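The values are calculated or read from the model by the stated rules, or taken from the named source; none is laboratory data. Just so you know, these numbers come straight off a predicted model, no measurement behind them. Cβ atoms come from the backbone with ideal geometry, glycine included; neighbour counts cover every protein chain shown. What goes into the accessible areas is simple: the full protein's heavy atoms, side chains included, and nothing from ligands, DNA or RNA. Shrake-Rupley method; radii C 1.70, N 1.55, O 1.52, S 1.80 Å.
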Amino acid sequence: MKKKTLRRCGRVGCLCLAAAVALTAPSSVYASAAGTNKDETVYVNLDSAGNVQETIVSDWLHSDDATQRITDKSDLKDIQNVKSDEKSIQQGDTLTWVLDTDNTGKNIYYQGKTDKKTPLEISMSYTLDGKTVTASEIAGKSGKVTINLTLKNTSAQTVNVNGKDVTMYTPMTAIAVAILPSSTFKNVTVNSGKILSDGNNQFVTFLSMPGLSESLGLK
């Protein structure tokens with residue numbers, strides 16, 4: 001389990017926290033070309049309570065072999081090619097991409113949506129001047145606000161290690177981003193992570209590997 005804390009002071013006109021969690025997990029692809037690989041990133045948009053609003057999956061198919069067809073397995077909805085003009089031929093959960101002759105890099109970048117549950121349990125909590133509140137209760141008030149974002153890996157398996165059964169969690173990397181308008185949020189700090197600014201907004205972000213410490217038996 002990973003918990004990160006954001007603190008900020010100032011008048012909160014409207015608390016509308018936009019957060020995204022990306023899970024990156026390289027995987028093998030079912031493809032017509034033996035040298036084809038697949039990298040997948042999952043973007044999860046959350047509301048201020050940590051509830052999932054939308055899940056978008058981005059896939060990158062790439063091959064070093066001389067091939068004009070790449071076959072992939074996918075159950076995503078609203079699939080779109082985001083980098084080139086090639087169209088996919090879909091039969092059930094099988095996608096076949098016919099590459100253009102000028103696609104010398106043998107790359108396909110596509111994305112789609114899914115309503116499947118992510119392998120993360122996400123929760124958010126708030127305090128205003130030390131008192132536990134909801135996100136809606138902060139709107140219009142001034143004071144010291146603390147946000148706790150907790151990520152818990154729910155993809156666990158029991159494996160045998162040196163004759164002993166232990167619980168291991170699927171390795172994953174989670175990147176969280178919160179967008180805070182500079183006109184509303186002042187004196188923003190984070191206990192672990194980075195704060196970036198474009199002048200209008202502050203972007204609070206951190207990287208986590210939920211389940212890693214549990215898998216390794218670390219305190």
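Structure notes:
- For the stretch 147-168, residues that are of a type in the set (Val, Ile, Thr) and either open to solvent by less than 20 Å² (accessible area, probe 1.4 Å) or closer than 17 Å to VAL52 by Cβ (or both) total 3.
- Members of the stretch 103-134 that are open to solvent by less than 40 Å² (accessible area, probe 1.4 Å) and in contact with a Phe, Trp or Tyr (Cβ under 6 Å, 6 or more places away or on another chain): ILE108, VAL133
- Scanning the stretch 47-61 for any residue that is outside any strand (DSSP E or B), modelled with pLDDT under 85 and open to solvent by 40 Å² or more (accessible area, probe 1.4 Å) turns up at least one such residue.
- When residues of the stretch 26-45 are limited to those that are among the aliphatic types (A, V, I, L, M) and at pLDDT 65 or above, the one farthest from ASP64 (Cα to Cα): VAL44
- Those residues of the stretch 112-145 which are in a loop (DSSP other than H, G, I, E, B), of a type in the set (Gly, Ala, Ser) and modelled with pLDDT of 90 or more, in sequence order: GLY130
- Enumeration of residues in the stretch 169-183 that are part of a strand (DSSP E or B) and open to solvent by less than 40 Å² (accessible area, probe 1.4 Å): THR173, ALA174, ALA176, ALA178, LEU180
- Selection count where residues are open to solvent by 80 Å² or more (accessible area, probe 1.4 Å) and free of Cβ contacts under 8 Å to residues at least 24 places away in the same chain, scope the stretch 184-218: 7
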